[in-house]
Every structure is written in structure tokens, then in C-alpha cells.
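The values are calculated or read from the model by the stated rules, or taken from the named source; none is laboratory data. In this text the structure is predicted, and so the values were computed from the model without any measurement. Because the Cβ atoms are built from the backbone with ideal geometry, glycine has one as well, and the counts that use them run over all protein chains shown. Just so you know, the surface numbers come from the protein's heavy atoms only, side chains and all, with ligands and any DNA or RNA stripped out. Shrake-Rupley method; radii C 1.70, N 1.55, O 1.52, S 1.80 Å.
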Amino acid sequence: MFENLTDRLSRTLKNISGRGRLTDDNIKDTLREVRMALLEADVALPVVRDFVSRVKESAVGLEVSKSLTPGQEFIKIVRTELEAVMGDSNTELDLATQPPAVVLMAGLQGAGKTTSVGKLGKMLKERHKKKVLVVSADVYRPAAIKQLETLSQDVGIDFFPSTPDQKPVDIAKAAVAHGKLKFYDVVIVDTAGACTSTKR
Ligand SMILES: Nc1nc2c(ncn2[C@@H]2O[C@H](COP(=O)(O)OP(=O)(O)O)[C@@H](O)[C@H]2O)c(=O)[nH]1
Ligand SMILES: [Mg+2]
């Protein structure tokens, strides 16, 4: 995210360089670019507004330190504010429960849920030495279940089969029951995310 944004900003940042101070005027185009990039990344409008105004507040009037160009100074501010938005501390996933710990992957369609299930599963298996089972409760998108099956094979984690005619709740229950029976540490449930179907 940050690298993308930096690339994107580099063009407008050139306009800032060569001046000793960040002003309302010389950061205007770059701020606009930040705003557009965040909106295109599907960040909610109030969050974007708040973010842009905080960047602006920190930037305007700032004396640029001698070791940095104004463009670099601006990037530094964007980075600091982005880190604050993303959360400035990293909390471990809390798996301290009666096994299996159940992780439900939620989010908008296309947000990267299935991909994240694969990444998370691989990390828990390899780095945390957990026995991981994944299951797909996405019965809405064709081939969603197959996508997770292929992915789980690629990353070497166990896959619990499901079919599109099942109810998501039943799929999740069956996977958790299987996870309990077979002593899995974690069951990750992939979902269709937000949907409006009546199949509950
Ligand atoms: N560049 C990039 N693409 C991603 C990332 N995560 C997922 N994708 C892609 O985004 C698309 C949707 O991802 P998917 O995991 O199927 O989303 P889901 O609908 O929420 O399950 C796929 O083409 C993924 O390859 C990521 O971190 N970076
Ligand atoms: Mg998916």
C-alpha cells in the first residue's frame, strides 16, 4: 500500500521540490493524489477526509529539515500518518482458547479474504507450528471452494471439503467439529463476505 502510494505521489511531489517549506499551495496537488489513491483503494470517505486533513495539518508550515527534500519530508508525514491509521502496534492473533481456535474471514467481495486465508494458514503452520484446517463457506461465487482447495494444496495446509448446496453455517459447524475430532489447533473459515442472499 505504502509503496504504491509513494510511486503514485512521485510525479506531483516533483512540484514540491526545490522549495524550503511545505505550504497549502505546494502540497495541494499531492494531497489530491493521496485522496484519490485512498478512495480508489476503497477506503471509506470519512476515513479519507480525516486522513488527508491530518496530513495537511502536519505538513503545512513545516520547515523542511536540511537533510531531506520537501518531497521526502512530505512522504515521511504520509508514512507516519498511515502507520497511525493502520495501528501503530502489532497484536498477535489470540489463539488461547480450547482448540480449535476458529478464525472467520470476513470482508467485502474481492477484498482478498481467500488469499488471506492461505497466507494466514501458511504462517500459522510454518512459523507457529500449528495444525491448521481451512474450509470455504463461500457457496455463492462459483469455484470459490475450488479456489481455496487449490490454494491450500499450494501452501500445504489441510482442506475440509464443502459444497455449494450446503448452508454456510452448516459448513462452518461441520469443519469445527472435524477440527475438534482431529485435534486441529486452528480452523480458518473462509466466507463470501458481505452478501444479500437469503440462504442462511
Ligand atoms: N496485489 C494484491 N492482490 C491481491 C492481494 N490479495 C488478493 N489479491 C488478489 O485480489 C483478487 C481477489 O482476492 P480473493 O482472495 O479471491 O478475494 P475474496 O473475494 O475476498 O476472497 C485475486 O485476484 C487475488 O489474487 C494482495 O495482497 N495484493
Ligand atoms: Mg473468496
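Mind listing just one residue for me: the one in region 116-163 that is within 11 Å of ligand 1 (Cβ to nearest atom) and assigned to a loop (DSSP other than H, G, I, E, B) and, of those, nearest to the chain's Cα centre (by Cα)? Can you show your working first?
Of the residues in region 116-163, the ones within 11 Å of ligand 1 (Cβ to nearest atom) are 116-119, 136, 138, 140-141, 143-144, 147-148, 151.
With the extra rule that they be assigned to a loop (DSSP other than H, G, I, E, B), the set shrinks to 138, 140-141, 143.
Values: ASP138: 19, TYR140: 22, ARG141: 21, ALA143: 23 Å.
Looking at residues that are within 11 Å of ligand 1 (Cβ to nearest atom) and assigned to a loop (DSSP other than H, G, I, E, B), I get ASP138.
Of all residues in region 164-191, exactly one satisfies the criterion of being acidic (Asp, Glu) and in a helix (DSSP H, G or I), namely ASP170.
Assess whether LEU124 counts as being more than 16 Å from VAL176 (Cα to Cα), within 13 Å of ligand 2 (Cβ to nearest atom), open to solvent by less than 20 Å² (accessible area, probe 1.4 Å) and touching a strand residue (DSSP E or B) at 6+ places or on another chain (Cβ under 6 Å). For LEU124, the condition - more than 16 Å from VAL176 (Cα to Cα), within 13 Å of ligand 2 (Cβ to nearest atom), open to solvent by less than 20 Å² (accessible area, probe 1.4 Å) and touching a strand residue (DSSP E or B) at 6+ places or on another chain (Cβ under 6 Å) - is not met.
Looking at this structure, is VAL78 touching a helix residue (DSSP H, G or I) at 6+ places or on another chain (Cβ under 9 Å), more than 30 Å from ASP7 (Cα to Cα) and either open to solvent by less than 40 Å² (accessible area, probe 1.4 Å) or within 13 Å of ligand 1 (Cβ to nearest atom) (or both)?
Working: touching a helix residue (DSSP H, G or I) at 6+ places or on another chain (Cβ under 9 Å): yes; more than 30 Å from ASP7 (Cα to Cα): no; either open to solvent by less than 40 Å² (accessible area, probe 1.4 Å) or within 13 Å of ligand 1 (Cβ to nearest atom) (or both): yes.
Here the answer is no, as VAL78 does not meet what is asked.
For region 77-121, a tally of residues being within 16 Å of ligand 2 (Cβ to nearest atom) and in contact (Cβ under 8 Å) with a residue 60 or more places away in the chain returns 13.
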